[in-house]
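The values are calculated or read from the model by the stated rules, or taken from the named source; none is laboratory data. All figures in this text were calculated on a predicted structure; none of them were measured in a lab. Here the Cβ is made from the backbone with ideal geometry for all residues, glycine too, and neighbour counts use every protein chain on show. SASA here: full protein model, heavy atoms, side chains in, ligands and nucleic acids out. Shrake-Rupley method; radii C 1.70, N 1.55, O 1.52, S 1.80 Å.
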Number of protein chains: 2
Amino acid sequence: MKKWCDNAALLTLHGNTVGMVSKEFVVSAPGKIILHGEHAVVYGKLAVAAALSLRTTLHIKTIHDKDDVLLHLPDIGVEVGWSVPEIAAAVALPVCDPEKPAPPSEELLQKLKTFASIPHDSADTKTLALVSFLYLYCAIVGSQKTLTPLEIRIESKLPVSAGLGSSAAYSVCLAASLLLHKNLISASGKWSEKDLQLINAWAFQAEKVIHGKPSGIDNSVSTYGHAVSFTKGSEPVILSQVPSIRILLVNTKVPRSTKTLVESVKKKYDKSTVVMSAVMDTMEAVAKECLILFEKMYKGKADEYYKQLEELIYINQQQLDIIGVSHIALEKVIQITKANGLCSKLTGAGGGGCAFALIRPDVPKETLDCVIQQLSLEGFDCWETGIGAEGVTLHV
Amino acid sequence: MKKWCDNAALLTLHGNTVGMVSKEFVVSAPGKIILHGEHAVVYGKLAVAAALSLRTTLHIKTIHDKDDVLLHLPDIGVEVGWSVPEIAAAVALPVCDPEKPAPPSEELLQKLKTFASIPHDSADTKTLALVSFLYLYCAIVGSQKTLTPLEIRIESKLPVSAGLGSSAAYSVCLAASLLLHKNLISASGKWSEKDLQLINAWAFQAEKVIHGKPSGIDNSVSTYGHAVSFTKGSEPVILSQVPSIRILLVNTKVPRSTKTLVESVKKKYDKSTVVMSAVMDTMEAVAKECLILFEKMYKGKADEYYKQLEELIYINQQQLDIIGVSHIALEKVIQITKANGLCSKLTGAGGGGCAFALIRPDVPKETLDCVIQQLSLEGFDCWETGIGAEGVTLHV
């Protein structure tokens, strides 16, 4: 891997631009939050995730003055460049049919890691994000002849490692941009179901490189937007008739391990199965009720249902507390929002991480400012944002 | 009705004590708390009630110097006396077979109310308690010849109208004492199952006079002691293998209407049936788990299970909060106990009324004193008491 900034001198220059077409695209894709069903989903219950208005934006363009592929990820301080011929030399191209998304073979994965000077056992998602880029670049952009020089810049409003699907938004943007670059999906600004399926499937392959065994939910939400309901072992159900709802997203910044939390819930579940499975059932009932309310809200008179949405949030937070995944920082968020008449719950694995509060249409700006100020004083990051956002979008 | 204190001069004196045997008994019966399943029981779920160490004590003795029946209820400021011949004249005796408990006919009920100068539509339980006494006296003590002069004094550690089964403890004591007086149950100090059934059945008749349509749970707990599990439409199940557990009982003294609370829960249930029925299932699961823990605790190593009992209390309180029957005063109790490392929940209908906290064996006296002090400062009444107490008892 070449450090883009430090190694500009190393970049090989290829002057031949005759007959070359300059392509440039800007795509964006949303992050996600889990509205209801986190943890319960592990026990076969329905969960609902929604697309966040916080997005990742990718700028892709062909370059003609260098035979390199350049990746700028300013948010995480990464600026890298690789020589296209060196990539081609390191990898036997083509690796697959770009219209038939598939995971990399173990052999290819190791080759890519070696090429990018990444330890083979690395579990660092930021590093693995580079490997996933290299894989998508080789797999989609394809054969040695077509492995064109490119410059890609990705910026995001999403905090990383906060359970908000930042890596999925990254993967979806990458997949969409490379498929666009290869004319494998429409550049009209309106994608067909088949286009979206292809984007989503490639984004899922990228996610696998980064996370090992992702659920596929995050990339689905990021691709299709709006909301998605899902149950273990079944395909996610895309819900396009979802109201746009304002939320206050709060990152407690307390680090947590999803794996440890899932294990601790399992322990509790095994110890007290009858009670815990009833609690999981309540979580599923909440998720189902939420979908019913969304449908009603989408059809009109949305304002009428905010109180009921708040009640579901309240109920679910109580259940999440019972299964032991709340945290003193999350309790603080809930307490501060409650004191100001807002209702919040943790989202994702819990034990720290993020929470969100619903912003009812009748909440005055002053109240919201006051809540944000109080939360900020606790050291939490706040975003006044929304859910139900559009999925991956080509900005034409 | 004669006022005992004011109308002593009105009492008819019957001096003939020749051949009369003086009988004197002291009986006591416990109050109850609902441990788990309040409200859920309305939806067909299992509930568990336990006998409280707070008891009602009754002192009964034959009197020979007056032909009266005298009732002293100092706790509620009632001291009344009725002339035995006047009772007999007002009521056609015998009213029933004292070994076959039955409710009073509507006609008899009206006669008793007229005799005792009680408005026929009175819903005041204190007043109706006098009617229920008169009924049990007529029905059990029996025919005109055997309607002997008696003096009864009843005192209780139980607050009235606090959902702690004070009227059931009163009814059980009355039934037991009158059955003892008539030699219809053993006076040995050890009652057979048949004796207890007879006491319980008569107490239930008394409860009907007081409450209209009681569930029969309160008198069963008061009769049999320990704990009782029950489901709507089925006979209560007596649980005799119950550990003795210390609790801190707290009366917020916030008045509430069980009927209104049950109705408000029904409204919530009808509006959000899927979620609310899952919540009710959790309450039932908690009640069932509690019974399993009780069995384990009874068999030994009780100390190991206190944390799990606390968890059930915590879970149930969350669910009760969700169905909307908590109250700011109850929240205060929960908050104060929690801040001192204790776990509490409301008991009964909620919306005020009582709560209880488990007192684990490792809770230092100082902590408990501190909690009691803080709760008292809020204006709440506290009792350091226990559950799993003996049922109706003859003190020989």
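Mind checking the per residue accessible area of chain A for me, 1.4 Å probe, whole number of Å²?
Details: 16310 Å² over 396 residues.
Normalised by residue count, the accessible surface of chain A is 41 Å².
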For helix B:106-115, what angle does its Cα long axis make with the longest principal axis of chain B, in degrees from 0 to 90 and rounded to 10? 70
Among A:Leu293, A:Leu58, A:Ser83 the positive-end extreme of the charge dipole of the protein assembly as shown (Cβ point charges): A:Leu293
Starting from the amide H of A:Lys23, placed 1.01 Å from N in the peptide plane, find each other amide H under 5 Å away whose residue is 5 or more places distant or on another chain. A:Thr62
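Of all chymotrypsin sites (Phe, Trp or Tyr not before Pro) in the range B:167-241, which ones are in loop regions per DSSP and have a Cβ with at most 12 other Cβ atoms within 10 Å? Numbers along the way, then the final one.
Numbers: sites: B:Tyr170, B:Trp191, B:Trp202, B:Phe204, B:Tyr224, B:Phe230; in loops: B:Trp191.
Nothing satisfies the criteria.
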According to a simple spin-label model (label point 7 Å from Cα along Cα-to-Cβ), what is the distance in nm between B:Glu155 and A:Val262? 6.4
Find the centroid of the Cα atoms in the range B:22-59 and in the range A:296-323, then give the distance between the two in whole Å. 39
Please list, by residue number, every one of the trypsin sites (Lys or Arg not before Pro) in the range A:122-175 that is coil in DSSP and has at most 16 other beta-carbon atoms within 10 Å. A:Lys145
Label point 7 Å beyond Cα of B:Lys253 along Cβ direction - residues of the range B:354-382 with amide nitrogen under 12 Å: B:376-382
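For the range A:245-387, with only Lys/Arg (+1) and Asp/Glu (-1) charged at the beta-carbon, what is the dipole magnitude about the Cα centre, in debye rounded to 20?
Details: 18 positive and 18 negative charges, 73 e Å.
Dipole magnitude for the range A:245-387 comes out near 340 debye.
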If we hang a label 7 Å off Cα along the beta carbon direction at A:Ile76, how far is it from the matching labels on the other copies, in nm, shortest first? 7.2
Per-residue HN-Hα couplings for the range B:312-318 [Karplus 6.51, -1.76, 1.60; θ = phi - 60°; Hz; x = Gly/Pro]: 5, 4, 4, 4, 5, 4, 4
For peptide B:284-296, compute the average count of partner chain beta-carbon atoms within 10 Å of each residue's beta-carbon. 2
Which residue, B:Ala357, B:Ala302, B:Ala139, has the most motion in a Gaussian network model of chain B that connects Cα atoms within less than 10 Å? B:Ala302
Which of the listed residues, A:Thr337, A:Ile245, A:Ala349, is farthest toward the dipole's positive end in the range A:245-387, when Lys, Arg count +1 and Asp, Glu count -1 at the beta-carbon? A:Ala349
Relative contact order for chain A, counting Cα pairs under 8 Å that sit 6 or more residues apart, in percent: 24
Hey, what number do you get for the protein assembly as shown at 222 nm if only DSSP H runs of n ≥ 4 count, each worth -39500 (n - 2.57), divided across all residues, to the nearest 500? -12500 deg cm²/dmol
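Please get the size of the charge dipole for chain B, origin at its Cα centre, with Cβ charges of +1 on Lys and Arg and -1 on Asp and Glu, quoted in debye to the nearest 20. Working shown, then result.
Working: 39 positive and 41 negative charges, 70 e Å.
So the dipole magnitude of chain B works out to roughly 340 debye.
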Using +1 at the Cβ of each Lys and Arg and -1 at the Cβ of each Asp and Glu in the range B:122-257, identify which of B:Gly165, B:Leu198, B:Gly216 lies farthest towards the dipole's positive end. B:Gly165
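Is the range B:245-387 rounded, prolate or oblate when judged by the Cα gyration tensor, a ≥ b ≥ c being the square roots of its eigenvalues, rounded requiring a/c under 1.5 and prolate requiring a/b larger than b/c?
Values: a/c = 2.38, a/b = 1.23, b/c = 1.94.
Oblate.
Using +1 on the beta carbon of Lys and Arg, -1 on that of Asp and Glu, and nothing else charged, what's the dipole of the protein assembly as shown about the Cα centre, debye to 20?
Values: 78 positive and 82 negative charges, 102 e Å.
It works out to roughly 500 debye.
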Note down the nm distance, to one decimal, between modelled labels 7 Å out along Cα→Cβ at B:Lys299 and at A:Val42. 2.9
Let me test this: with uniform point scatterers at the alpha carbons of the protein assembly as shown, what is the Debye-based log₁₀ I(q)/I(0) at q = 0.09 1/Å? -0.88
Points 7 angstrom from Cα along the Cβ direction at B:Lys126 and A:Ser117: gap in nanometres? 9.0
Measure of exposure for A:Met297: accessible area at 1.4 Å probe, Å² rounded to 10, is 10
